[in-house]
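The values are calculated or read from the model by the stated rules, or taken from the named source; none is laboratory data. Fair warning: this is a prediction, and the values are worked out from it, not measured in the lab. No Cβ is skipped: glycine too gets one built from the backbone with ideal geometry, and neighbour counts run over all protein chains shown. Note: areas computed on protein heavy atoms with side chains; ligands, DNA, RNA excluded. Shrake-Rupley method; radii C 1.70, N 1.55, O 1.52, S 1.80 Å.
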Amino acid sequence: MGLTTILSLLAGIGLFLYGMNLMGDGLKNAAGASLERILQKLTSSRLKGLALGTAVTAIIQSSAATAIMCLGFVNAGIMNLSSAIPVVLGSNIGSTITGQILRLGDIGEQSIFLTMLKPSSMAPLLVAYGVVVLVFIKSRKKRLNSIASVLLGLGILFIGMSTMESSISPLRNDPNFQKIFFLFENPLLGILVGMLLTVVIQSSSASVGILQALSSTGAVTWAMAVPIILGQNLGKCFPVVLGSIGVSKDSKRLAFLHVLFNLIGVILIGGVIYIYQSSVGIPFWENPLNRGNVADFHSLFNIITALILIPFTNLFVKLSTKVIKDSPDQMDERHRLDELDELLLKTPAVAQDSAKRVTAKMGDAVVENFHIISDFFKNFDPTKIDLMERNEQFLDKAESKISDYLVKINTHALANQGNLETGEILRTVGDFERMGDYCIHIYDMIVFNQENNITFTPVCLEEIYMMNQAIQQILDLTVTSFRTHDVMSARMVEPLNEAIHSMKELMNARYIERLNEGQCSVQAGISLVEYLNSVERIAGHCSNIAVHAIRSRSQDSYFDTHSYKKKLAASSSQQFQDTYTEFETQFIKPLLDLPALDQNIAIEQQKIREAEALTSTQPEEVLPDENEIRKEAPDLKKENNKTKDKKKEKEKAKAKEKEKSKDKKHKK
C-alpha cells in the first residue's frame, strides 16, 4: 500500500465527510427551525418519538447531532427524559439511511436508467446543478439555495465514495491487506477497531461508508464485517458522552442510556449471532459481502435494538435515576438557568425560545416578590424574606446570563423576525430586572418604617391595598402577554398603567389633606411618596414590555413604540377608552369613595379640641373689693358686741340659779 494509495484514500474520506456535512447543513437550512420545533413538541407517544428521531436523523445525517439536540432539550427542560429516549433510539435507525443510499453502487448496468442511479453516474450531475445555482444563478430564495447545497453535498459524498473505492481496489489481491482483515474475525478486536474508527471520524454513517468502500474489494467477509459494525454502533456514542459534560442530571442520564442501549444491542445481537454460529453455523459466514449487505445489517441491528428496548422506557428511566442520583442541594426548579444551554445555539430558533422561557421566569419572580411585599403591609412575615432574596438573586443572575446568551444567538443565522424578537427579549429582560429592584426598594421602606416606628393611618393602608391590587393585575397581564404572545392582554396594560398613574396622583392629594389635618406625620408622607414612585415605575416597565410584545407580533417592520404610546395618550383608540373605563370603575372609583380622612382619628381630635375649649371658658374666682370690706366692718363689730352681751346675760342667769339651789339646800 503506497503513499499515493494512502493519500487517495484520505482524500476520498475527506470528500465523503465534507459532502455529508454539506448535505446535512443544506437540509437543516431548508427546513429552518421546523425540525427542532417538531422534535420538541411532537413526542407525546413512544412510536411517534421513534419515528421523529428516525426522520430528523435521516435529514441531518447525524445520529450524534440528534442525540445532542435531545440532550439540549432535556437540559433546558423542554423535553423530559422519558420522551427523549424514543427519539434517541430513532436516531440510531436514522443513521443507517446514508448506507442505504450508498448501496446504489451495487446496481448493475442492465439499462441506462439503472446506470444513472449509480453514485458514480449521479455525482457529476448533482455537483453541476449545485454549482450552477450557488455560483452562477445566486438566487435570493433561501430554500432554493439550501436544496442546491443538499444536492451538491450528495454529489461530493458520492465522489468521495468513488475515490475511496478507487484507491482501495488495487488492494483486492494484496495478501498483506487480506491478512489484516483476517485479524478482524476476532470479535473483540473487530469491535474495538470499529469503535475506534467511528470515534476518530465522529460519524457512524461515515465509518459504515468506509466499510462499504472496503467491501467493494471483495476481501471483506461477514465474519470480518459483523464485529466492525457492532463496534461502530458503540463508537457513535462518544460525541454524545462529550456533550453531556457540564449539563443537568437528566441530560447525563440520557447520555448514559444512549451508551447503554447500544451496549445492550451489541451484547444481545452479537451474542445471538456468535452463539448460533458456534453451535449451528451460518452458511454464508465466510462469504464476502457487498455494500447492500453492510447497509442491511447496520439497519437491522438498530431497528431490532430499538424495538426490543422501547417498551422498557420507564424502566430505563428509573435505572438511570438510581445510577445518576440528584444532588441534595439541587437548585429550586424555578431558579434554574440550565435552559440557556450552549448546545441549543446550534439551533438558534430553539435557543431563542429557551431564552424567552427563562425571561418569563423572571416575570414570575417579580410577581411573587411583589405579592410577598404586598402581604408585608398587612403582616410582616420574616420567613418569606429568604424566598424574596433568592428571587432577587435569580433576577440579577438571569439578566446577565440571558443577555450574553442572546448575543450568542444573534451571531448565528436567524430570520429578520427572529432577530427582532431577540431584541425585544433583551429589552424585556432589563425591564423585569428593574421591576425586581423597585420591589426591593419598597421592602427597604417597610423595614425602615418598622425600625423607626413610622406608621401609616388605616385609611392610607386601605389606599395602599387598592394600589397593590392594581399593580398585581398589571404584572399578571404583562407576564401573560409576554409568555403566550397574547396581544389582547398586552393592549390592556397601557390603560391600566394610566389608571395607576391617576391613582398615584389621587393618593398624593389625599395625603396632603391628611397632613394639613394633622392625621399623619411628614416622615410617613415621605415613605408613602417613595412607595408611590416605585409602583408607578413598575407599571411603567410593564407598559414597556407590553409594547415590546405588540411590536414583536406586529407585521409592520417600522413599528414605532413612541408613536404608538402617543396615539394612546391622545385617546385616539376607542378600545383604550373602554378598557380605561373598566379599570377606573375597578380601582379609581373605590378609592374616591374611601374617605380621605380617618374618621376615628378625626373623632379623637374633636374630643381633644372640645376639652381644650371647655377649659378655656370656666369662670375665675372674684375677690371682694377692699372698700366694701371696710364699709361692712362696723356692722361686724356691732354684731360681735351683741354676741358678747348675750353671753354675759346667760352667765348671770346661770349664777342666779346656782344661788337659789344653794338656799333651798340650807333650808332643808
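Quick one: order Ser82, Ser534, Ser400 from most to least accessible surface, probe 1.4 Å. Kindly include the intermediate steps, with their values, before the conclusion.
Values: Ser82 45, Ser534 5, Ser400 65 Å².
Largest to smallest exposure gives the sequence Ser400, Ser82, Ser534.
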Per-residue SASA entry for His441, accessible area with 1.4 Å probe, Å² rounded to 10: 80
Inter-label distance, nm, simple model (7 Å from Cα along the C-beta direction), Ile385/Val323: 4.6
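What does the extension gain come out to for Gln575 and Lys589, with contour length at 0.36 nm per residue minus their alpha carbon separation? Don't skip to the answer; put the middle values down first.
On the way: separation 14, 0.36 × 14 = 5.04 nm, distance 2.00 nm.
Contour length minus Cα-Cα distance gives 3.0 nm.
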Lys322 accessible area, 1.4 Å probe, all protein chains in place, Å² to nearest 10: 150
Rounded to the nearest 10 Å², the accessible area of Lys346 at probe 1.4 Å: 150
Inter-label distance, nm, simple model (7 Å from Cα along the C-beta direction), Val200/Val259: 2.2
Restricting the stretch 417-463 to chymotrypsin sites (Phe, Trp or Tyr not before Pro) in coil, as DSSP defines it, with at most 12 other Cβ within 10 Å: none
Principal axes of the stretch 386-534: Cα extent on each, largest first, Å: 65, 33, 20
Phe284 versus His485: modelled label distance in nm, points set 7 Å from Cα along the beta carbon direction: 5.2
Difference of contour (0.36 nm per residue) and Cα-Cα distance, His371 to Asn452: 26.8 nm
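Applying 1/(1 + (r/R0)^6) with R0 = 35 Å to the Cβ-Cβ distance of Glu582 and Arg427, what FRET efficiency is obtained, to the nearest 0.05?
Details: r = 28 Å, r/R0 = 0.80.
Calculated value: 0.80.
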